[in-house]
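Trainee: Quick one: structure below, then a few questions.
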Amino acid sequence: MGPSNADRIEAPVTVKAYMMCGFAAFAGILFGYDSGYISGVLGMAFFKKEFGHPVPTSIDETGFLYSTSNKSLIVSILSAGTFFGALFAGALADWIGRRMTIIIGCIVFSVGVILQVASTSVGLLVPGRLIAGVGVGFVSAINILYMSEVAPRKVRGAIVSGYQFAITIGIMLASIVTNATQHRNNASSYRIAMAIQFVWAFILAVGLFLLPESPRYFVKKGQVDAATDALARVRGQPRDSAYIQDELAEILANYQYEMEIGEVGWIGLLSGGWSPAGNFRKVVLGALLQMMQQWTGVNFIFYYSTTYFQQIGLKNAFLISMITTIVNVCSTPISFYTIEKFGRRTLLIYGAIGMLVCEFIVAIVGTADPKGHSAQGALIAFVCIYIFFFASTWGPGAWVVIGEIFPLPIRSKGVAVSTASNWFWNCIIGIITPYMVDKDQGNLGSKVFFIWGALCTACVIFAYFMVPETKGLTLEQVDKMLEETTPRTSAKWRPHETYATAMEKHSEAATVEHVEPKSAGV
């Protein structure tokens, strides 16, 4: 059967396609490093002295510590900036393109980094992290959009998972750097860690100048020739290739169909209500998916692990935190295979089950014998297993699904709202966690994992009843699948015709309806 068959819309995957999408995933290093360095910096003796106030050594062995409110503000303000950056990025990506929005995000991020490096007080550090957060919002929201639109469908899940893998590498690099500079007794202890962020922003911005724009963006703007050129580049095929013509016809037909049935502005996000193919339902799904990813509690480890391990009496807190980031990096590549082999929905369900078991074990062991040597060893082990389950399932899975569920007219805005939800809940967790665990506040210690375990239980229920299976489908086929199935039956759906074929039938039917009345009068 020819390449226009519903199962053969795209060209064979080439090394060039892998390399292009792989470089786009580099944005995850910027995001991960910026999120990860703060955990180590908060535990540095000089940082506590520079940004904190004198306290009895019984509270902190360095004799200095910042208030819980400042600790909460320093961590969470990045996520607040990212929340607004992600929302604004959706409209900007439709105006100037996906690629240029990410580049502008790198520039805004660099301005924030300059302020952070120059800071010697909370008053300058906080605005720096806020501005950097806006830049991260641009990058994190639109990079997922860009990768989803240019990646071949057969490996789209694995490639977008590469973004999460890059995030884990960024977190690990931040941990290694802060571990290496922690003993410096001057401002270089934290400034080196902050300044390295420039490197990631520069590499990403320069590299993106060399990559093509998303062909689906050009279709949205009515620039079919530019869309053809971009698609030919990312598929490694000549412009007149049958593969390129068939895939472009599918994108055009899908966009034409979607333009006929609904609004495409921000109000378009509300159209369709709670029907299976309704835009509103997809937006709610994306926003809840990213909320649930944060509810797994993993950012408690990546934001506060160093200070948390110090509080519960573990020695070598910096080293243990670095080990958790290494586990995170080594576990994520597993998803490259499993997300395409078993599917997105399966990974999210069983990943959440694995996490909740580990979290309840950590909570029980840490509460029953918080100072015992064996108990602390078990705590570290199950925290690492918990991170393994997150990194190989919910970490990449949530990003993959939000890149696939939105139709083209609202895709940039839908991904932006979903990403903004991630950062909103990231911010909330960053704000409230110190008040839950600090000794002079809630003093929950390991009991906080009872909360994360309960929330992970909610993640299992959500994934089972709400998340559809999108494995192996083009973005256009995902639209059709959502119209014709429920989440629990979605894995059995198979494409039966292309949008281009459907639109041809629709056009022919309309022509017949228009001609028949005239024939009747002859």
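Trainee: Give me the pairs: first residue in the range 221-236 and at positive phi, second residue surrounded by fewer than 15 Cβ atoms within 10 Å (Cβ to Cβ), beta-carbon distance under 6 Å, and six or more apart or on different chains, which are they?
Mentor: From the range 221-236, the pairs are 236/14; 236/16.
Trainee: Next up: Among 121, 79, 69, 58, which is the only one that is of a type in the set (Ser, Thr, Tyr), open to solvent by less than 10 Å² (accessible area, probe 1.4 Å) and at pLDDT below 90? It would help to see each step written out before you state the result.
Mentor: Numbers: 121 fails: open to solvent by less than 10 Å² (accessible area, probe 1.4 Å); 69 fails: open to solvent by less than 10 Å² (accessible area, probe 1.4 Å); 58 fails: open to solvent by less than 10 Å² (accessible area, probe 1.4 Å).
Criteria check complete, one pass: 79.
Trainee: Counting just the residues of the range 310-328 that are within 19 Å of residue 385 (Cβ to Cβ) and among the polar types (S, T, N, Q), which one comes out nearest to the chain's Cα centre (by Cα)?
Mentor: So the residue we want is 328.
Trainee: Tell me which of these residue 218 doesn't satisfy, since it passes every other one: (1) buried (at least 20 other Cβ atoms within 10 Å of the Cβ); (2) touching a residue at least 60 places away in the same chain (Cβ under 8 Å).
Mentor: In the conditions (1) buried (at least 20 other Cβ atoms within 10 Å of the Cβ); (2) touching a residue at least 60 places away in the same chain (Cβ under 8 Å), residue 218 misses (2) alone.
Trainee: Take the residues in the range 284-307 that are of a type in the set (Val, Ile, Thr) and at pLDDT 85 or above, then tell me which one is nearest to residue 416 (Cα to Cα). Lay out the reasoning, then the answer.
Mentor: So the first thing to find is which residues in the range 284-307 are of a type in the set (Val, Ile, Thr), and the list is 284, 296, 298, 301, 306-307.
When the remaining residues are screened for being at pLDDT 85 or above, the result is 284, 296, 298.
Numbers: 284: 12, 296: 21, 298: 22 Å.
The qualifying residue nearest to residue 416 (Cα to Cα) is 284.
Trainee: Kindly list the number of the only condition in (1) surrounded by fewer than 23 Cβ atoms within 10 Å (Cβ to Cβ); (2) at pLDDT 90 or above; (3) of a type in the set (A, V, I, L, M) that fails for residue 92.
Mentor: (2)
Trainee: Here's another thing I want to ask about it. For the range 432-461, give me each residue that is within 26 Å of the chain's Cα centre (by Cα), crowded, with 19+ Cβ neighbours inside 10 Å and more than 19 Å from residue 386 (Cα to Cα).
Mentor: Of everything in the range 432-461, just one residue is within 26 Å of the chain's Cα centre (by Cα), crowded, with 19+ Cβ neighbours inside 10 Å and more than 19 Å from residue 386 (Cα to Cα), namely 434.
Trainee: Say we look at the range 20-46 and pick out the residues that are modelled with pLDDT under 75 and of a type outside the set (Gly, Ala, Ser); which of these is surrounded by the most Cβ atoms within 10 Å (Cβ to Cβ)? First the steps, then the outcome.
Mentor: Residues of the range 20-46 modelled with pLDDT under 75: 20-22.
Cutting the leftovers down to of a type outside the set (Gly, Ala, Ser) gives us 20-21.
Values: 20: 22, 21: 24.
Ranking the qualifying residues of the range 20-46, first place goes to 21.
Trainee: Kindly indicate which of 336, 388, 406 is closer than 26 Å to residue 269 by Cα and either under 18 Å from the mean Cα position of the chain (by Cα) or among the aromatic types (Phe, Trp, Tyr) (or both).
Mentor: Among 336, 388, 406, only 406 is closer than 26 Å to residue 269 by Cα and either under 18 Å from the mean Cα position of the chain (by Cα) or among the aromatic types (Phe, Trp, Tyr) (or both).
Trainee: Residue by residue through the range 111-132, note down the ones that are closer than 13 Å to residue 201 by Cα, among the small types (Gly, Ala, Ser) and touching a residue at least 60 places away in the same chain (Cβ under 8 Å). Talk me through it step by step, then tell me what you get.
Mentor: Step one: of the range 111-132, the residues closer than 13 Å to residue 201 by Cα are 111-114, 132.
Add one more test, that the residue is among the small types (Gly, Ala, Ser), and what stays is 112, 132.
Residue satisfying the conditions is 132 alone.
The values are calculated or read from the model by the stated rules, or taken from the named source; none is laboratory data. In this text, all values refer to a predicted model and were calculated from it rather than measured experimentally. Quick reminder, even Gly has a Cβ in these numbers, built from the backbone with ideal geometry, and neighbours come from all protein chains shown. Calculation scope for accessible area: heavy atoms of the full protein, side chains included, ligands and nucleic acids excluded. Shrake-Rupley method; radii C 1.70, N 1.55, O 1.52, S 1.80 Å.
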